[in-house]
């Protein structure tokens, strides 16, 4: 069975002053059974690990290089994230695909590197507004799934996050029917690609998830959690989403 996971992506936000938000979030964790993950900037991975010592909060990175080491100025390898205290890493986020030209093949190579280092890969897929309007949403996410996942994927080392590009940071959210259609499609695609193991991968929805809409989203079939952007920066907002997932 897939695990329930509330994941927060801080993107290029946060500093040492963010310790106060983490302190406000920690009291929520003992009262929920779902997993909770935060992915801060790389500069905060070790600090966040120290701030949350003894808690159940999982810490992740936002990207990793496909190589273990080498002349790659500014990049961070999967083993480096593990050394810093991470257990997870977000890969193939739409902002990486668009801003840095990441292809499915690159995401696949990074996923292999994450697995080799012992990290859980949170692999992101999602269509643009133009692709949605052209009726190609399912074709796009299906192609991304097929091209981004290497051999050896299991429910223990990989999570899939569906984030329609047009709903990220815009305040726009797909209808529940649209979310359900894509998540049902992804579950079927994973079953075909991975066999019985496809049923064990958690499917997260991401894109303008807030405390006010979280319960409705988590009631949709095959939605096992969320990848949350801006709302994960504030303990009060992220706590509401976590509690909604736990109650789903």
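Worth a mention:
- When residues of the range 37-53 are limited to those that are touching a helix residue (DSSP H, G or I) at 6+ places or on another chain (Cβ under 6 Å) and within 18 Å of residue 238 (Cα to Cα), the one surrounded by the most Cβ atoms within 10 Å (Cβ to Cβ): 40
- Verdict on residue 86 being in a loop (DSSP other than H, G, I, E, B), surrounded by 20 or more Cβ atoms within 10 Å (Cβ to Cβ) and in contact with a strand residue (DSSP E or B) (Cβ under 8 Å, 6 or more places away or on another chain): yes
- Of the residues making up the range 143-153, those that are touching a helix residue (DSSP H, G or I) at 6+ places or on another chain (Cβ under 7 Å), surrounded by fewer than 21 Cβ atoms within 10 Å (Cβ to Cβ) and either part of a loop (DSSP other than H, G, I, E, B) or at pLDDT below 95 (or both) are 150, 152.
- Meets criteria (modelled with pLDDT of 95 or more and in a loop (DSSP other than H, G, I, E, B)) for residue 140: no
- Close pairs (6 angstrom Cβ cut-off, 6 or more residues apart or separate chains): free of Cβ contacts under 8 Å to residues at least 40 places away in the same chain in the range 44-61, assigned to a loop (DSSP other than H, G, I, E, B) and surrounded by fewer than 19 Cβ atoms within 10 Å (Cβ to Cβ) anywhere: 46/85; 49/85; 58/87; 59/85
- Criterion (within 22 Å of residue 157 (Cβ to Cβ), surrounded by fewer than 18 Cβ atoms within 10 Å (Cβ to Cβ) and in contact with a helix residue (DSSP H, G or I) (Cβ under 9 Å, 6 or more places away or on another chain)) met by exactly one of 77, 56, 16: 56
The values are calculated or read from the model by the stated rules, or taken from the named source; none is laboratory data. Treat the numbers as computed from the prediction; the structure is a model and nothing was measured. Using ideal geometry, Cβ is built from the backbone for each residue, glycine included, and neighbour counts are taken over all protein chains shown.
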